[in-house]
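Heads up: the structure comes next, in structure tokens.
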Amino acid sequence: MTAITVIDEPEDPLRRAPLVEGKNDFASVTETIARVAEKRTPRGWYLMFGISIALLLNLGAAVGYLVFTGVGVWGNNVPVGWGWPIVNFVFWIGIGHAGTLISAVLFLFRQKWRTSINRASEAMTIFAVMAAGIFPAIHVGRIWVIYWVFPLPNQMAMWPNFKSPLLWDVFAVSTYFTISALFWYVGLVPDLATFRDRAAKAGRMVAARAYGLFAMGWHGSNRHWIHYEKAYMILAGLSTPLVLSVHSIVSFDFAVSLLPGWHTTIFPPYFVAGAIFSGFGMVLTLMIPARKWLGLHELITLNHLDNIAKILLLTGTMVGYAYGMEFFIAWYSGVEYEQFAFINRATGPYWWSYWIMVSCNVISPQFFWFRSLRRNPTVLFIISIFVNIGMWFERFVITVTSLHRDFLPSSWAYFSPTLIDILTYVGSFGLFFTMFLLFCRFLPILAISEIKGVMPEADPHHGHGHGHDDNHGGEPSSNPTH
Amino acid sequence: MATADATSSRWGIVAEFDSAAAIYEAAKKTTDEGYSRVDAHTPFPVHGIDDQLKQRPSGLGWIVVCCGLTGILLAQLMMWWMNAVDYPIWVSGKTPYAWPTTIPITFELMVLLSGFGAVFGMFGLNRLPRLHHPIFKHSSIHRASDDRFFLSIEATDPKFDSAATKSFLEGIGGTNVEIVED
């Protein structure tokens with residue numbers, strides 16, 4: 001070749017960028033991640049936690065007022081019987097999906113870059129599903145009989161109607177929450193053992209006991225790792241169809257009805273793509289400040305952000321395709337109600353919400369065609385906020401614009417949220433951020449053992465065949481597993 | 001503690017290694033030497049070491065399959081009995097038991113029970129939780145969750161001999177080779 005030496009970042013596209021940057025070894029990875037939970041609580045954390053708790057109390061107050069007064073405190077009214085509560089439910093459950101995609105789907109596809117973002121994303125999933133679960137529960141109006149949705153013996157001697165997609169949703173969401181929590185916990189066990197051992201070494205016995213209890217006595221035995229890796233693989237294999245089923249079933253809540261604007265077969269894939277899009281948006285919203293404030297930039301590198309931006313571009317364009325295809329099918333169906341529903345969506349009284357949705361979800365990710373923008377955390381953060389806003393509006397558009405023009409013009413109405421609607425929604429962020437801040441404070445926010453497993457020195461043949469696997473390769477090429 | 005009684009209370013010998021490559025080699029040498037009650041203790045699963053330690057693959061899959069099938073059966077029985085036998089519900093123009101409408105819940109319960117099988121089965125096979133374990137008495141074992149790799153040979157191994165095993169582990173590059181009491 002020529003005499004030109006490239007000292008800067010290698011541009012060979014076949015060469016894998018390092019997953020962990022800087023001069024890091026196993027001990028420094030442990031140190032970087034454990035330090036986040038071990039150092040003195042920063043002032044900023046108290047500030048954010050205070051705000052989150054205030055919002056959470058606000059949620060409690062809004063829900064309490066609702067329960068004591070009735071669903072009339074919301075803007076929901078005929079014909080818009082599904083207002084903000086269902087919009088918020090779908091919004092939050094969608095956000096959860098990126099966590100499962102990162103933890104399960106990217107695991108099955110051997111995308112090793114997932115290791116530094118999977119833990120926090122799975123936590124995000126669990127907290128988002130918690131926030132989501134509140135809304136259908138309070139939306140039933142009489143929350144004290146919510147147990148009727150479960151197949152439990154009750155005073156009416158009746159069983160639930162298993163033919164209803166709403167009941168499928170009960171099973172889908174509760175299974176999703178349970179499996180996500182278990183998957184997250186299994187991943188945490190070796191890292192909790194790390195925290196336990198560090199706490200014991202430093203003489204912090206309360207912390208050592210607490211972490212030790214949840215670490216279950218893990219001591220890294222290879223006999224344990226064999227079962228552990230199998231369990232992890234199986235959970236990933238189960239979670240992958242599960243996550244697709246959850247948002248498909250959420251979309252059935254709409255698609256199985258006969259309402260123009262809802263009754264479409266594109267809904268399941270379109271909802272899943274949208275869910276992944278919104279979830280990755282939220283991952284960026286959370287991870288960009290976290291990596292900056294917690295000093296994790298060598299573990300969550302620009303390459304990670306770049307990859308997330310590519311997924312946003314892909315899924316944003318997919319939802320854009322779905323928006324277009326809905327119009328095409330409405331026109332092609334020849335059904336005037338369908339045609340009206342869609343033209344009304346884009347040009348009717350809620351035109352503004354439709355165009356907010358299109359601008360945020362379809363246009364804003366197009367900036368990610370440019371590498372420099374994909375690698376600029378400020379730009380990424382701003383667009384991630386747009387994605388969050390846009391995906392909330394998508395659910396608003398689907399729910400409200402399809403309902404506000406009923407078949408009879410005499411029933412037409414314009415939905416407006418009440419103060420309680422707004423307080424409940426804002427309060428759900430309080431729940432989400434309270435949980436997330438507690439997680440950031442007390443738990444290993446990055447998967448310590450998994451990150452070590454993808455470092456070049458984790459390969460047992462590392463340093464033997466020189467040139468076969470260089471020090472910068474993030475991936476030990478001789479061992480394609482894990 | 002060097003009394004005759006101490007022999008019976010020995011759990012095994014534990015040696016420390018400083019890299020994944022070192023423990024990989026040491027594991028092979030140990031099993032080649034004829035030791036059978038050998039285990040590695042590592043901060044992350046070291047790939048290919050299962051074969052070096054002559055440890056069998058996990059049978060967890062079978063537990064999960066059984067749980068998954070139970071989930072399918074349970075879901076079908078539940079929906080059939082509740083909606084078609086105990087209190088038949090005629091709704092949306094479908095027979096009380098209409099199999100296509102049962103698919104989503106059947107799938108969800110299959111996943112739920114399989115997930116329970118995978119997680120609780122894994123802990124069961126690993127005999128966890130077990131908060132106390134003799135190996136925690138080793139002086140540097142806390143680094144097994146950080147950056148060091150440990151090899152243990154249990155006292156129940158037929159080839160185990162305190163002095164010989166200790167010098168063998170030192171001979172293959174182990175440091176901090178310690179006899180761990182039960």
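The values are calculated or read from the model by the stated rules, or taken from the named source; none is laboratory data. The structure presented is a predicted model; accordingly, all values stated were derived computationally and were not measured. Cβ placement follows ideal geometry from the backbone for every residue including glycine, while neighbour counts extend to all protein chains displayed.
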Legend entry - the range A:41-67 residues that are among the basic types (Lys, Arg), paired with ones that are assigned to a helix (DSSP H, G or I) and surrounded by 15 or more Cβ atoms within 10 Å (Cβ to Cβ) (beta carbon under 8 Å, 6 or more apart): none
Inset, instruction - Go through the range A:394-422 and count every residue that is surrounded by 18 or more Cβ atoms within 10 Å (Cβ to Cβ), in a helix (DSSP H, G or I) and not small (Gly, Ala, Ser). - result: 12
Inset, instruction - Sort out which residues of the range A:32-50 are outside any helix (DSSP H, G or I) and of a type in the set (D, E, K, R), and write them in order of number. - result: A:Lys39, A:Arg40
Legend entry - Single match in A:Ala128, A:Ala181, A:Ala172, A:Ala132 (criterion: within 22 Å of the chain's Cα centre (by Cα) and under 18 Å from B:Ala75 (Cα atoms)): A:Ala172
Inset, instruction - Scan the range B:85-101 residue by residue and report those that are within 19 Å of A:Leu152 (Cβ to Cβ) and either outside the structural domain of B:Gly115 (by TED's automatic domain parsing) or crowded, with 16+ Cβ neighbours inside 10 Å (or both). - result: B:Ile89
Inset, instruction - Return yes or no: is A:Arg204 at the interface with chain B (Cβ under 8 Å from one of its Cβ atoms), at pLDDT below 95 and more than 30 Å from A:Ile93 (Cβ to Cβ)? - result: no
Inset, instruction - Check A:Phe195 against each of (1) more than 22 Å from B:Ala20 (Cα to Cα); (2) among the aromatic types (Phe, Trp, Tyr); (3) more than 7 Å from chain B (Cβ to nearest Cβ) and name the one condition it does not meet. - result: (1)
Legend entry - Lone qualifier among B:Leu77, B:Leu113, B:Leu73 - being in contact (Cβ under 8 Å) with a residue 24 or more places away in the chain, more than 7 Å from every other protein chain (Cβ to nearest Cβ) and part of a helix (DSSP H, G or I): B:Leu113
Inset, instruction - Identify all residues within the range A:115-133 that are within 16 Å of A:Ile102 (Cα to Cα), of a type in the set (Gly, Ala, Ser) and buried (at least 24 other Cβ atoms within 10 Å of the Cβ); write none if there are none. - result: A:Ser116, A:Ala120, A:Ser121, A:Ala128
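Every residue, every condition in (1) in contact with a Lys or Arg (Cβ under 9 Å, 6 or more places away or on another chain); (2) in a helix (DSSP H, G or I), yes or no:
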{"site": "A:Glu21", "(1), (2)": "no, no"}
{"site": "A:Thr30", "(1), (2)": "yes, yes"}
{"site": "A:Ser52", "(1), (2)": "no, yes"}
{"site": "A:Leu57", "(1), (2)": "no, yes"}
{"site": "A:Gly64", "(1), (2)": "no, yes"}
{"site": "A:Pro85", "(1), (2)": "no, yes"}
{"site": "A:Ile93", "(1), (2)": "no, yes"}
{"site": "A:Ile102", "(1), (2)": "yes, yes"}
Inset, instruction - Evaluate the following for B:Trp11: is it among the aromatic types (Phe, Trp, Tyr), on the phi < 0 side of the Ramachandran plot and either assigned to a helix (DSSP H, G or I) or facing another protein chain (nearest Cβ under 9 Å) (or both)? - result: no
Inset, instruction - Give just the number: which of (1) modelled with pLDDT under 95; (2) over 30 Å from A:Ala27 (Cβ atoms); (3) more than 7 Å from chain A (Cβ to nearest Cβ) does B:Leu151 not satisfy? - result: (2)
Inset, instruction - Would you mind telling me which numbered condition in (1) touching a residue at least 24 places away in the same chain (Cβ under 8 Å); (2) within 12 Å of A:Ala62 (Cβ to Cβ); (3) not charged (D, E, K, R) A:His404 fails? - result: (2)
Inset, instruction - Please find, within the range B:116-127, the residue that is nearest to the other protein chains (Cβ to nearest Cβ) out of those that are surrounded by 24 or more Cβ atoms within 10 Å (Cβ to Cβ) and either more than 16 Å from A:Ser180 (Cα to Cα) or of a type in the set (S, T, N, Q) (or both). - result: B:Met122
Legend entry - Criterion violated by B:Asp86 - all others in (1) facing another protein chain (nearest Cβ under 10 Å); (2) in contact with a helix residue (DSSP H, G or I) (Cβ under 7 Å, 6 or more places away or on another chain) satisfied: (2)
Legend entry - Yes/no for A:Ala215 being aliphatic (A, V, I, L, M), facing chain B (nearest Cβ under 7 Å) and crowded, with 23+ Cβ neighbours inside 10 Å: no
Inset, instruction - Please state which one of A:Thr194, A:Thr175 is of a type in the set (Ser, Thr, Tyr), in contact with a Pro (Cβ under 9 Å, 6 or more places away or on another chain) and in a helix (DSSP H, G or I). - result: A:Thr194
Inset, instruction - With the condition kept exactly as written, say whether any residue in the range B:128-143 is touching a Gly at 6+ places or on another chain (Cβ under 9 Å), under 23 Å from B:Ile179 (Cβ atoms), more than 9 Å from chain A (Cβ to nearest Cβ) and of a type outside the set (Ser, Thr, Tyr). - result: yes
Legend entry - Which listed residue, of A:Phe271, A:Phe277, is among the aromatic types (Phe, Trp, Tyr) and farther than 17 Å from A:Ser103 by Cα: A:Phe271
Legend entry - Number of the exception - A:Ala273 against (1) within 17 Å of the chain's Cα centre (by Cα); (2) without any contact (Cβ under 8 Å) to a residue 60 or more places away in the chain; (3) surrounded by fewer than 18 Cβ atoms within 10 Å (Cβ to Cβ): (3)
Legend entry - Verdict on A:Phe150 being facing chain B (nearest Cβ under 9 Å) and not acidic (Asp, Glu): no
Legend entry - Output for the range B:44-60, where each listed residue is part of a loop (DSSP other than H, G, I, E, B), free of Cβ contacts under 8 Å to residues at least 24 places away in the same chain and more than 7 Å from chain A (Cβ to nearest Cβ): B:Lys54, B:Arg56
